[in-house]
Amino acid sequence: MTTEAPAQGHAQHPNYVKVWAILVALLVVSVAGSLTHIREVVLVAAFGVAVVKAYLVAKNFMHISVEKRWVPYLLVVCLLFVVILFAGVAPDVMHHSGLHWTNPSADQAAQPAAGAKRE
């Protein structure tokens, strides 16, 4: 009967309860941030916490850190494509009119809000 040591190539499993507790704490931070109704705090709480939570999930539950070397690079390339897509469509989507087009439904939705600010 021989006792073999674990293979050197295997990574240690993360403490899943600790990661879960961190994710729950970040959930509380994001909910508390959204309750402040301060635009900058809400944006940081929503998107900043979402990025940290996505990193924790990818690192600990998807085991990205123990995959082959090219998998994290592939993930970064995919995220860059998402940023490029957003940068490409944001100028059209985030405005109510352009050079040869208008968005009447967005204008109608914005008019009552603009009238409420003036009063």
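Taking the stretch 67-102 as the range and being β-branched (Val, Ile, Thr) and more than 30 Å from Gln12 (Cβ to Cβ) as the test, the residues that pass are Val82, Val83, Ile84, Val89, Val93, Thr102. The set of residues in the stretch 49-65 being in contact (Cβ under 8 Å) with a residue 24 or more places away in the chain and hydroxyl-bearing (Ser, Thr, Tyr) consists of Ser65 alone. Every test in (1) under 17 Å from the mean Cα position of the chain (by Cα); (2) part of a loop (DSSP other than H, G, I, E, B); (3) basic (Lys, Arg) is passed by Lys59 save one, and that test is (2).
Condition test on His96, is it surrounded by 12 or more Cβ atoms within 10 Å (Cβ to Cβ) and modelled with pLDDT under 75?
So His96 passes the test.
Looking across the stretch 11-47, the residues that are free of Cβ contacts under 8 Å to residues at least 12 places away in the same chain and either small (Gly, Ala, Ser) or not in a helix (DSSP H, G or I) (or both) come down to Gln12, His13, Asn15, Ala21, Ala25, Thr36, His37, Ile38.
For the stretch 62-75, the set of residues classified as outside any helix (DSSP H, G or I) and aliphatic (A, V, I, L, M) consists of Met62 only.
The values are calculated or read from the model by the stated rules, or taken from the named source; none is laboratory data. Fair warning: this is a prediction, and the values are worked out from it, not measured in the lab. Here Cβ is always computed from backbone atoms with ideal geometry, including for glycine, and neighbour counts include all displayed protein chains.
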